[in-house]
Amino acid sequence: MDLREDFFNYQAQTTAFASAFQVEKAIGSYIYGKGGKKYLDFVSGVSANTLGHSHPKILNAIEEQSRKYLHVMVYGEYVQEKPVALCKKLAEHTPDPLEVTYLVNSGAEAIEGALKLAKRYTGREEIISMINAYHGNTHGALSVSGNEFHKRAFRPLLPYIKFMRFNEVEDFTFITEKTACVITETIQGAAGFIVPEADYFVRLKKHCEAVGALLILDEIQPGFGRTGKLFAFEHFGMVPDILVMGKGMGGGLPIGAFMSSKKIMESLSHSPKLGHITTFGGNALIASAALATLQEVSESSLMMQISEKEKLFRKLLIHPKIREISGMGLMLGVNLGTAENTLNTAKICMDKGLIVFWQLYRNEYLRISPPLTLSEEEIWEGCKTLLEAIKES
């Protein structure tokens with residue numbers, strides 16, 4: 001039976017219009033189809049393949065660990081070299097008071113753990129999130145996501161959730177002594193890569209401190225170098241109480257984490273003990289890939305190149321149909337005016353050998369989130385194809 005037919009018959013679908021593109025292999029900035037045609041990847045698995053596809057340092061790390069052991073025990077019981085080294089290196093590359101990391105299986109699980117941690121530490125129940133926020137699709141993560149269309153069918157969700165507007169300091173009045181935490185993406189993703197105002201997070205953090213609420217920053221998309229800093233909050237002059245990461249952290253393998261001070265994190269270890277439990281979180285194989293990714297991003301010149309690559313994208317992507325380019329670094333949203341224009345453009349790009357995608361809430365925005373390893377030549381190549389597709393759409 002044809003593999004595409006098996007795909008639709010036996011693998012659960014999330015939409016009625018999956019592309020069903022058959023992947024043969026993926027190397028560097030390219031994904032190869034079954035017929036051998038190569039496709040330049042401007043999406044990188046939705047910001048997950050930080051170092052592109054099949055990066056040799058990641059493959060070597062996986063192979064080396066696979067020859068030692070895979071899963072041995074649930075999280076937090078045994079000392080395993082790679083997970084410990086990963087957590088230590090994260091502490092070395094983040095400012096105080098971020099000290100300790102809880103490793104989990106995905107960004108959404110990291111959001112769940114972070115919300116539990118904030119409620120447990122503060123003893124409060126209320127959570128403030130942002131309108132148009134996206135934090136994942138598990139029940140807690142969906143509860144603090146700010147698009148009702150995507151939530152309505154799954155209610156009831158978590159209680160005591162309030163929403164305020166991103167970038168609007170007037171809404172700080174929502175945050176009171178009843179608030180356990182404020183959770184926000186550092187750069188709003190599904191809403192079209194919306195960047196905060198220069199002093200927004202400094203003022204938000206001060207307000208949270210004044211009322212005793214914790215600030216959780218979701219860095220699942222911008223984290224691990226995508227904006228030219230290891231984490232995007234480093235651009236904005238403050239440090240969150242709880243930092244959430246995922247996606248690009250694993251260099252193509254599934255992982256997430258939440259990070260905080262030792263004092264805050266210890267509240268999950270008692271009353272009750274095992275405040276968060278995960279079987280496969282901190283898996284040594286995946287931690288080895290994440291460690292290799294972190295080492296390459298932090299020790300190479302990749303992050304220093306991000307600003308110039310962003311400038312090149314903005315220089316090349318000029319067309320009457322492009323209304324604006326939002327975002328920062330290598331997470332850019334190309335506004336084509338309507339969802340129809342975006343979807344048509346994405347389809348034409350695929351036919352021409354370029355992979356692009358669209359934003360979940362704002363379909364008029366075309367997503368550009370390529371591997372950080374993308375070369376300038378590949379940027380020229382992809383932008384040329386994209387402009388041709390825009391013209392034809």
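Numerical summary
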| quantity | calculated |
| --- | --- |
| Cβ charges +1 (Lys, Arg) and -1 (Asp, Glu), total dipole of segment 206-268, debye | 120 |
| Cα Rg, Dmax (largest Cα-Cα span) when computed across the chain, Å | 20.8, 63 |
| Among G123, A18, G36 - extreme Cα towards positive end, dipole of the chain, charges at beta-carbon | A18 |
| Förster radius 25 Å - calculated FRET efficiency between S261 and T138 (Cβ-Cβ, nearest 0.05) | 0.50 |
| Span-rule helices in the chain, defined as complete DSSP H runs reaching 18 Å or more along the axis (Cα) with Kyte mean at least 0.5 | 284-299 |
| Solvent-accessible ranking of V23, V100, largest area first, probe 1.4 Å | V23, V100 |
| Where labels lie 7 Å past Cα in the beta-carbon direction, separation of S298 and V84 in nm | 1.7 |
| Dipole magnitude of the chain, debye to nearest 20 (Cβ charges: Lys/Arg +1, Asp/Glu -1, about Cα centre) | 300 |
| Rounded to the nearest 10 Å², the accessible area of D199 at probe 1.4 Å | 80 |
| Å² of accessible area per residue within the chain, as computed with a 1.4 Å probe and no ligands counted | 45 |
| Surface share of carbon and sulfur [accessible, 1.4 angstrom probe, percent] for the chain | 55 |
| Surrounding net charge for S267, when Lys and Arg each add one and Asp and Glu each subtract one, Cβ distance under 10 Å | +3 |
| Candidates L332, L294, L312: whichever shows maximal mean-square fluctuation once the chain is modelled as a Gaussian network with Cα springs under 10 Å | L312 |
| Burial order of peptide ranges 44-51, 104-111, 136-143 (average beta-carbon count within 10 Å, highest first) | 104-111, 44-51, 136-143 |
| Rounded to the nearest 10 Å², the accessible area of K321 at probe 1.4 Å | 70 |
| Solvent-accessible surface ranking, highest first, for C383, C87 at 1.4 angstrom | C87, C383 |
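The values are calculated or read from the model by the stated rules, or taken from the named source; none is laboratory data. A quick note: this is a predicted structure, and the numbers were derived from the prediction, not measured. For neighbour counting, all protein chains shown are included, and Cβ atoms are generated from backbone atoms with ideal geometry for every residue, glycine included. Areas reflect the complete protein model, heavy atoms only, side chains present, ligands, DNA and RNA absent. Shrake-Rupley method; radii C 1.70, N 1.55, O 1.52, S 1.80 Å.
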